[in-house]
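Q: Submitted below is the structure of interest, expressed as structure tokens.
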Amino acid sequence: MDKGSLMISFIGMAIAILYSTYHLFISKKTVGLEQEVEEEIKARPIANVIRYLIFLAINSFLANMFFDIGWLLWISFFSAVALWIMLVEHQFNFSYLISIIIILLIFLGAAVPKHQQSFLNHISDHTEYNCFSIECVKVSQVVIYDELKTEIETYSIQGYSFDWYLLFAKGALLLKDEQGNMEEFTGVNIGGLWLLEK
């Protein structure tokens, strides 16, 4: 992320936080809620908890969108679920079930990475391979004559693919070492979590 887009992200996040703080904690009326619901929320002793949950759900979701920090989506998701449970008050209704499924799908879809480099970054972070744009380097420790040594092998990238499908993503990487041996990595990302297969 370059300086210009980082500055725009900071300004956007600051505006979102100030706007939600004003309307949730300072303003006398809550925007978007009907009068009966607003009075019911104010009558509850947990009204401030509900406001904090709304604040957390909205701002952590926006922070993930601006800064691409995946774990903030989980804070947003659990805040939305807690808010939903508090507002429903354990009254089962089919529309409530549909709404929670839609919320879950939105959060799962938002957590799936959309950029091409995501699969290579995951391989570099979670395996002994460190991948760059045209090659990967495998760093491993081996014992030779009772002595621990570091062994470095270079692999050229023969093929790479990354496909994004709204609720999940797929990645594949094909590597070739100097002797001509091939290694393949495939993975599926569900809700921001890569499931890697070698």
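The values are calculated or read from the model by the stated rules, or taken from the named source; none is laboratory data. What you see is a predicted model; the values in this text were computed from it and never measured. Cβ sites come from the backbone with ideal geometry, for glycine too, and all protein chains shown count toward neighbours. Keep in mind that these areas ignore ligands, DNA and RNA; they rest on the heavy atoms of the full protein, side chains included. Shrake-Rupley method; radii C 1.70, N 1.55, O 1.52, S 1.80 Å.
Here is a yes/no grid of residues against (1) closer than 25 Å to TRP194 by Cα; (2) among the hydrophobic types (A, V, I, L, M, F, W, C); (3) touching a strand residue (DSSP E or B) at 6+ places or on another chain (Cβ under 6 Å):
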{"residue": "VAL137", "(1), (2), (3)": "yes, yes, yes"}
{"residue": "GLU147", "(1), (2), (3)": "no, no, no"}
{"residue": "GLU153", "(1), (2), (3)": "yes, no, yes"}
{"residue": "TYR160", "(1), (2), (3)": "yes, no, yes"}
{"residue": "ASP163", "(1), (2), (3)": "yes, no, yes"}
{"residue": "PHE168", "(1), (2), (3)": "yes, yes, yes"}
{"residue": "GLU184", "(1), (2), (3)": "yes, no, yes"}
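Q: Continuing with the same structure: Give me the pairs, please: first residue somewhere in segment 135-153 and closer than 22 Å to GLU184 by Cα, second residue anywhere and in a loop (DSSP other than H, G, I, E, B) and open to solvent by less than 90 Å² (accessible area, probe 1.4 Å), beta-carbon distance under 8 Å, and either six or more positions apart or on two chains.
A: LYS138/GLU128; VAL139/GLU128; SER140/GLU128
Q: What's the total number of residues in segment 57-88 that are touching a residue at least 40 places away in the same chain (Cβ under 8 Å), of a type in the set (A, V, I, L, M, F, W, C) and under 17 Å from LEU105 (Cβ atoms)?
A: Residues in segment 57-88 being touching a residue at least 40 places away in the same chain (Cβ under 8 Å), of a type in the set (A, V, I, L, M, F, W, C) and under 17 Å from LEU105 (Cβ atoms): 3 in total.
Conditions (1) closer than 28 Å to LEU105 by Cβ; (2) open to solvent by 70 Å² or more (accessible area, probe 1.4 Å); (3) not assigned by the TED database to the domain that holds LEU104, marked per residue:
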site	(1), (2), (3)
LEU120	yes, no, yes
ASP125	yes, yes, yes
LYS138	no, no, yes
THR150	no, yes, yes
LYS170	yes, yes, yes
ASP177	no, no, yes
PHE185	yes, no, yes
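Q: Take the residues in segment 187-198 that are farther than 11 Å from ILE123 by Cβ and small (Gly, Ala, Ser), then tell me which one is most open to solvent (accessible area, probe 1.4 Å).
A: Restricting to residues being farther than 11 Å from ILE123 by Cβ and small (Gly, Ala, Ser), the top hit is GLY192.
Q: (1) within 23 Å of the chain's Cα centre (by Cα); (2) not assigned by the TED database to the domain that holds ASN64: which one isn't true of ILE103, the others all being true?
A: Result: ILE103 fails condition (2) only.
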